Each structure stands twice: as C-alpha cells, then as structure tokens.
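Here the structure comes first, spelled out in structure tokens, and everything after it is commentary.
The values are calculated or read from the model by the stated rules, or taken from the named source; none is laboratory data. As the structure is a prediction and not an experimental result, all values here were calculated from the model. Every residue, glycine among them, receives a Cβ derived from its backbone with ideal geometry; neighbour counts consider all protein chains shown.
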Amino acid sequence: MNIAVILKQVPDTEAVVKPDPAKPGAILETDIKFILNTYDEYAVEEAVRIVEKTGGEAVGVCIGPERAEAAIRSALAMGLSRALWVSEPDAVSADVITQAKVLAAAIKTLSPGLVLCGREMIDTQEDAIASAAAQFLDMPQVLNAAKITIDGEKAVVLREVESASLEIEAKLPAVISCGKGLNEPRYPNLMSIKKAKNKEIKKLTLAELGLQAGPAKARIAALEAPAPRAKGVRVEGEVASMVAQGVDWLMKVAKVV
Amino acid sequence: MAGILVWVETFNGELRKASREALGAGQKFADHQKVSLDAVVFNAGPAALAELGSMGLRKLFTVSGESFAKYSSEGYCAAVAEAGLKSGADVYLACASSLGRDLTGRLAAKLDAALATDVTEILWDKTPLSVRRPVYSGKLLAQTELLASCKVLSLRPNVFAPAQTRTGAVETVALTLADVKIRAQVQKAVAAAQGVLDVTEAEIIVSGGRGVGGPDGFKVIEGLAHTLNAAVGASRAAVDAGWIPYAHQVGQTGKVVSPVLYIACGISGAIQHFAGMGSSKFIVAVNIDKEAPIMAKADFAIVGDLFKVVPVLQQELAKARAK
C-alpha cells in the first residue's frame, strides 16, 4: 500500500516566538530552531511501519518555504522514500482550507491507499488539515488516532473523545491524523540521515497541480502577546495558615467555592 | 451577513455545556449583526428539545434516524451543510470539542469557507469579521480575519457565556437526507466511568505532576477533585511515567483546557504545560519549590509539600462548602 504523509516544519516547542513588526502575522525567525512538527513524527513512524509490513512506499507531502527542506529530510531519514514539496509563497502563506486543497491535489498524484498526518500543527494550533483534506480527496477521516490496525480494505482506529473511547472503522483510502501514544517515533541513525540526503524531493508548482492562487479565505492580521497575568499572591510557612489564606482567597477572589 | 447556524452537540440526548456556549455566542452574534439564529441538532432528547425551544432560535433543524444514530464526519457534515442551505446561513458555529473539531474542518472544505478553530474571542466590532485564537502553544494570539463569504468557527469550551433563556416560538424542521455516504463509522464506544469529568469540560481542574511521585500520590489529587466536583488533570511527566492515563494530560501534547480554576499540584509548569492551561481564569499552584515556573504564573501560590497541604486544603474546603 502506498501512503502519503503530510509534513510541516514548525518552530521548536521551546522556542521563544515574537511577532515580526515588519510582517503582520509572521514571527521573527532569527534564533528560531525549526523542527518537523512533533505530531508528524507519529505519522511518519506509522507510515514506515505499515509499509515495512505490507510493501509499497511512504511518501511525504509538504507545503513550506525553502527552510522546510530540513524537516522533509528528517522525515526521509525516518524512512519515507521520497517527498513532494510545494514552496510557492502563495501556498505557504495560504489559509488552512486552501492549504488542504493544495495538499489534496498533490496527494492525488500518488493515488495512496492511506493518508496520514499529525494530530495538530503545533505552530498554528490547527488540526483541521486532516478533515479538510479528506473532504477534498473524497475520503473518510479519523482524527487523533491512538491506534491504527490495517485490515484489508479498512483501517480500525482507536481514538478518545471527551466522554468515551471510540473504535472507528474507516474504509480505505482514508485520511487519519496521528496522536501521541500511537507509536514511539524512531531516532534515525547516521546511515539513514546520510541516505536521506540522496532521496528525491520533487518540487511542485500550483500550476502543475492544476490550481491557481485565489483570494485568501482567511488571514492573520496580527500576532499579539497575550495580556500578562496579574502578579499573584504567594504564601509560605505553616500549612494551617497557608490553607486558611488559600480557602479565603478561593472564596472571596476566585469565588469558586 | 445573512444568518447563523449553530451545530449543537448532544451527549446521551442532552446538550453539552460547550454547545450551550456556542449557542450563547450565536445569540450575541445574531443580536450584533441583526441576523437570524438557527440551530441543527442530532438525536436530541425531550429535555434538549425543550431547552432549545427557549433560546430565541428562529429555526431548529432536527436530524435522527439510523444513519445518524452515531457520529460520523461524513454524515454529520452532509446534514449540517443541508441545514445550512435550508437556513440560508453563512456563519456556522460549533464548539471546539473533539467532534466539533472533526466536523468543522470537513464542513469548511465542503463549503469553501473561511475556517477559524478553537476561537477564544470574537471581535464583534471588526470588519471583516475577526477572531482571536491562540497559536504557538498559546505563546501568541492570532487576530484572524475571515474573508470568505462563508465562515466556519469552532469555539473553545469554557470561554464563551452560555445561551440565555429567551421567549418566542421556534420552528422545528425535521431534516431527512437520502443516500448519505458514510465510510468511517464508530463501531464501539466505551464510555468513561460514570461521574468522571473530562478536563476539557470541567469548571475546576485539580492537576498533578512529577511531585505527586507515583500512582498512589494521585489519590490526594483525586480527593481534592472530588470535594470540588473537579476533573483530575496531569502533566506530561506524570502521564509519561505511567501514573495516570493519557486522557488526563493537560498541555501541548495533551488537552487544552480553560477552566475557571486550575489547581496545579507538584507541577513545575514547563512552557508546554502552560500551553495547555495558560488561559485558565485562576491558577493556584502548590509546590515545594518556590522557584518553579508555575509559582510565578499562579494567582495564588502555596509554597509547601503537596502531601501536607492538599489534604488539609480538601478538609477545609469541605468545611467551607458545608456552611
């Protein structure tokens, strides 16, 4: 089975991000370490494991600027065989629905039996790529998978929602977004990293995908730092006294008790 | 703007709290834009229907039947789109629950709409319609303009005020859909234990971290949670150590929560944890280490051993509640 894996490059979770005053909606990229989106690692790992079992190939599909090559290479080092990459600014800066449409068009060229992606992009905190791409690909979707079992023409997926764990059967091809706990992503060894340097990354333009840049459906007008929290109260010393002050505060200030 | 349609999520036939909030945002929206407010609900029980009948809705689209007995992305998306067509709505609101998030992405793609997920603020006075939503693990807020004529929004639970009771008769429209293609279907649903509150929906969360020391340590956390009718949360460290299931994890790789009160016990408050609970209205921290990052962010910080502080806190709160 061939598997398409959606990839994105994002700032490291520890990164201190600041709005770029010159570019509304963008962050200052100096001193930022970029990584493969944390959840994409689960998707890559799962794809590689399935292909190791069933044959076929696992191919990365990425929208991202020039710097994104590093993230694509790290996914290739984990075992993807090659990747498709759209780096046109019109696609890179597009809203999530437009990006899903571009990704779907690129994925279609692979005729995959399964499409995997991370549960969420940790930069934009966006988790709609899977469901939007599924709609454009006319495939079913399952989000935030904790376990995937491929069983012939279908995938059996476990996921959690607020009040229940669900077992969902999805007819293949399907789009599945991958969450924590699905697997333990591998650390590529030196040999794999070296091999990844020679794997094919094919750039695609919107025109080659039969698309053209349209008006933006949504755009980030500004990035703002959240209002700082007011300075709090701190108590130290005797447990009884601290608790008494705590209860008083909970009743009078927080008013929740 | 032409009209608003709210997707109402039910659980065991009753409205979800987060859906009452989406309806509340819908009321405010409709008042502000002077447009109609409609809703679509699946498998609503009598109590839910009665409640939806007193919210000042213009139309209530009801969906039931075998194809819709269980949630499916494709079935629900088709039905909500059909309701939207009949309603004439161009703004779709949903709660950003697991299923709300599942639905809205597909719906926005189907409608070629502008999508904003996990919205924490609607900027009522901006044109074009703009919202705020957290990005970069909550380190920044994005002010997003929704430019397409059709807009789909999912709203973060516990942030928006619930719907008010309003007078006026609602017109109920039963939707029937033929030939819905459903290729992903829930086969089994194992419900969480009775009385176990999910962290994303709780008003109060009592959370434990590395300082809890082991699975037995969580009994102290559960004790306080029980007294406060709170949900039990956990940091990644506690979940990775296997002390408590992943469903309880709050943070960047867990759940994002916005309770009124978050009590962090033995949690250092790494940036990834803060990403999941930083929008809590009040934060209380109990930590033996006064230099822990959480202590600087807490509204009320107790420097002390959680095993000594938390049981006494539970006892005193129980007394205060009984008064």
**Fill in**
Of (1) within 12 Å of another protein chain (Cβ to nearest Cβ); (2) surrounded by 23 or more Cβ atoms within 10 Å (Cβ to Cβ); (3) in a helix (DSSP H, G or I), B:A225 satisfies every one except (1)
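Every residue in the stretch A:214-257 that is closer than 25 Å to A:E126 by Cβ and loosely packed, with under 14 Cβ neighbours inside 10 Å, please. Show your work before the answer.
Going through the stretch A:214-257, the residues closer than 25 Å to A:E126 by Cβ turn out to be A:214-227.
Once the filter is applied, which keeps residues that are closer than 25 Å to A:E126 by Cβ and loosely packed, with under 14 Cβ neighbours inside 10 Å, the stretch A:214-257 yields A:G214, A:P215, A:E224, A:A225, A:A227.
Consider the stretch B:273-296. How many of its residues are surrounded by fewer than 20 Cβ atoms within 10 Å (Cβ to Cβ) and outside any loop (DSSP other than H, G, I, E, B)? Outline the logic, then answer.
Restricting attention to the stretch B:273-296, the residues satisfying the condition of being surrounded by fewer than 20 Cβ atoms within 10 Å (Cβ to Cβ) are B:281, B:288-291, B:293, B:296.
This time we only want the ones that are outside any loop (DSSP other than H, G, I, E, B), so: B:293, B:296.
Matching residues across the stretch B:273-296 total 2.
Identify the residue in the stretch A:121-137 that is surrounded by fewer than 24 Cβ atoms within 10 Å (Cβ to Cβ) and within 9 Å of another protein chain (Cβ to nearest Cβ) and, among all such residues, is modelled with the highest pLDDT.
Result: A:F136.
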**Message:** I'm trying to understand the selection: among the residues of the stretch A:29-78, which are over 28 Å from A:K154 (Cα atoms) and of a type in the set (S, T, Y)?
**Reply:** A:T30, A:S74
**Fill in**
Residue pairs qualifying under the 6 Å Cβ cut-off, at least six apart or on distinct chains, with the first in the stretch B:285-308 being in contact (Cβ under 8 Å) with a residue 40 or more places away in the chain and the second being surrounded by fewer than 24 Cβ atoms within 10 Å (Cβ to Cβ) and of a type outside the set (G, A, S), are B:N287/B:M295; B:I288/B:D305
**Asked** From the list B:A237, B:A247, which residue is facing chain A (nearest Cβ under 10 Å) and small (G, A, S)?
**Response** B:A247
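Which residue out of B:D38, B:D31 is outside any helix (DSSP H, G or I) and not polar (S, T, N, Q)? Steps first, answer last, please.
Values: B:D31 fails: outside any helix (DSSP H, G or I).
Within the list B:D38, B:D31, the selection yields B:D38.
Each row is one residue, and each column tells you yes or no for (1) facing chain A (nearest Cβ under 8 Å); (2) exposed (fewer than 12 other Cβ atoms within 10 Å of the Cβ).
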| site | (1), (2) |
| --- | --- |
| B:V170 | no, no |
| B:V173 | no, no |
| B:T176 | no, yes |
| B:V180 | no, no |
| B:A184 | yes, no |
| B:A191 | yes, yes |
| B:L197 | no, no |
| B:E203 | yes, no |
| B:G208 | no, no |
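I need the full set of residues from the stretch A:75-89 which are under 13 Å from A:L206 (Cβ atoms) and in contact (Cβ under 8 Å) with a residue 60 or more places away in the chain, in order please. Break it down into steps so the answer makes sense when it comes.
So the first thing to find is which residues in the stretch A:75-89 are under 13 Å from A:L206 (Cβ atoms), and the list is A:84-89.
A:L84, A:W85, A:V86, A:S87, A:E88, listed by residue number.
Test of understanding: among A:A218, A:A196, which residue is among the small types (G, A, S) and within 11 Å of chain B (Cβ to nearest Cβ)?
A:A218
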**Residues of the stretch B:307-321 satisfying the condition of being over 13 Å from A:M251 (Cβ atoms) and out of contact with any Ser or Thr (no Cβ under 6 Å at 6 or more places or on another chain)** = B:F307, B:K308, B:V309, B:V310, B:P311, B:V312, B:Q315
**Complete:** Counted residues in the stretch A:172-198 being surrounded by fewer than 17 Cβ atoms within 10 Å (Cβ to Cβ) and either of a type outside the set (A, V, I, L, M, F, W, C) or within 30 Å of B:E145 (Cβ to Cβ) (or both) come to 9
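Can you name the residue in the stretch A:140-156 that is facing another protein chain (nearest Cβ under 8 Å) and surrounded by fewer than 24 Cβ atoms within 10 Å (Cβ to Cβ) and is also farthest from the chain's Cα centre (by Cα) among such residues?
Selected residue: A:V156.
Residues B:V41, B:V6, B:V35: which one is surrounded by fewer than 20 Cβ atoms within 10 Å (Cβ to Cβ) and β-branched (V, I, T)?
Details: B:V41 fails: surrounded by fewer than 20 Cβ atoms within 10 Å (Cβ to Cβ); B:V6 fails: surrounded by fewer than 20 Cβ atoms within 10 Å (Cβ to Cβ).
Just one listed residue meets the conditions, B:V35.
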**Fill in**
Expected single match for among the aromatic types (F, W, Y) and facing another protein chain (nearest Cβ under 7 Å) among B:Y136, B:Y92 is B:Y136
**Complete:** The lone condition B:T104 fails out of (1) assigned by TED's automatic domain parsing to the domain that holds B:A39; (2) assigned to a strand (DSSP E or B) is (2)
